Amino acid sequence: MKKQDFYFILGCIVVLFPFFVIKPVYGAFMWMTINHPFLMAFIKFGILSTAGECIGQRIRSGEYAPKGFGVVPRGITWGFLGMLITAAMTIFSTGVPAVLTTIGLVPDGCSYGELLKTGILTSRSWFHVLAAFCVSLFMNCLFAPVFMVLHKVSDTHIMEHNGTLSGYFSRLDFGRIFASLDWTTIWNFLYKKTIPLFWIPAHTITFMLPPEWRVLFAALLGVMLGVFMSLATRKK
């Protein structure tokens, strides 16, 4: 273990330790999560998913934040992407069970209103497992591909401007960057492998959790997404 690895692990412990041992900190965290979900999504994804990219960079280049990586611009991007993920989770966790209800898959005595009131997937009946899987399936097939491309475009924009904030807020040439993406790697690795083998099973678990825990769990999974996105670049 190198010195930078020790400092990285120590930093993670310092950040996470208060949430597990200091009840007021944990209580404040849960209150903010319930009452300000999008702000907390920005913070959670901004920190955790950026950390995932740093880990990916460590695997790829030997450094957590090599020159031109742009930790702050990536954190800002992940923050806004986290808000987008939070909105998508609400949309799909509401809409997909409604579709299942419409086609008659809701068991007797379990109304759609009751599912919404209890957080949709908090019990462990067969229907809730099925609903969690279907929510994950639809979200990862319809939303995740677009999300990953948006991230790759932003990632390319940051790298082209050497990770500077001034470059980050400059004009984004979306069409040119979109056309220049390595679509072979995106399709063969991110889409064909990570979505069916990791994201669909992982988000099935996500949607079986109480609503207040879903975004945090998704943000923790964002660490893996950051690693996957960096490894996809490495494959190129």
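Residues checked against (1) over 16 Å from ALA218 (Cβ atoms); (2) modelled with pLDDT under 55:
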residue	(1), (2)
PRO107	yes, no
LEU116	yes, yes
PHE127	yes, no
LEU137	no, no
ASN140	no, no
ALA144	no, no
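When we screen LYS44, LYS23 for residues that are at pLDDT 85 or above, charged (D, E, K, R) and out of contact with any strand residue (DSSP E or B) (no Cβ under 9 Å at 6 or more places or on another chain), the only hit is LYS44. Considering PHE189, PHE147, PHE198, the condition of being more than 27 Å from THR94 (Cβ to Cβ) and open to solvent by less than 60 Å² (accessible area, probe 1.4 Å) is satisfied by PHE189 alone.
Rundown of residues vs (1) of a type in the set (D, E, K, R); (2) over 22 Å from ARG214 (Cβ atoms), yes/no style:
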residue	(1), (2)
ILE43	no, no
ALA51	no, no
ILE55	no, yes
ARG60	yes, yes
GLU63	yes, yes
PRO66	no, yes
ARG74	yes, yes
LEU84	no, no
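Checking the stated criteria, ILE158 turns out to be touching a residue at least 40 places away in the same chain (Cβ under 8 Å), within 22 Å of ILE59 (Cα to Cα) and touching a Phe, Trp or Tyr at 6+ places or on another chain (Cβ under 9 Å). Residue check: GLY163 meets all listed conditions (1) open to solvent by 40 Å² or more (accessible area, probe 1.4 Å); (2) on the phi > 0 side of the Ramachandran plot but one, namely (1). Check whether at least one residue in the stretch 23-39 is crowded, with 21+ Cβ neighbours inside 10 Å, in contact with a helix residue (DSSP H, G or I) (Cβ under 8 Å, 6 or more places away or on another chain) and within 29 Å of VAL146 (Cβ to Cβ), and report yes or no. Checked against the condition, which is being crowded, with 21+ Cβ neighbours inside 10 Å, in contact with a helix residue (DSSP H, G or I) (Cβ under 8 Å, 6 or more places away or on another chain) and within 29 Å of VAL146 (Cβ to Cβ), the stretch 23-39 yields no hits at all.
A search for C-beta distances below 7 Å between a residue of the stretch 1-22 that is under 22 Å from PHE217 (Cβ atoms) and any residue that is open to solvent by less than 60 Å² (accessible area, probe 1.4 Å) and among the hydrophobic types (A, V, I, L, M, F, W, C), counting only pairs 6+ apart in sequence or on different chains, returns PRO18/VAL25; PHE19/VAL25; PHE19/PHE29.
The number of residues in the stretch 124-144 that are open to solvent by less than 20 Å² (accessible area, probe 1.4 Å) and more than 23 Å from LEU190 (Cβ to Cβ) comes to 3. Given the criteria exposed (fewer than 15 other Cβ atoms within 10 Å of the Cβ) and of a type in the set (S, T, N, Q), does SER170 qualify? Yes, satisfied.
The values are calculated or read from the model by the stated rules, or taken from the named source; none is laboratory data. Source: prediction; values computed, not measured. When we count neighbours, we look across all protein chains shown, and the Cβ atoms used for this are built from the backbone with ideal geometry, even at glycine. Keep in mind that these areas ignore ligands, DNA and RNA; they rest on the heavy atoms of the full protein, side chains included. Shrake-Rupley method; radii C 1.70, N 1.55, O 1.52, S 1.80 Å.
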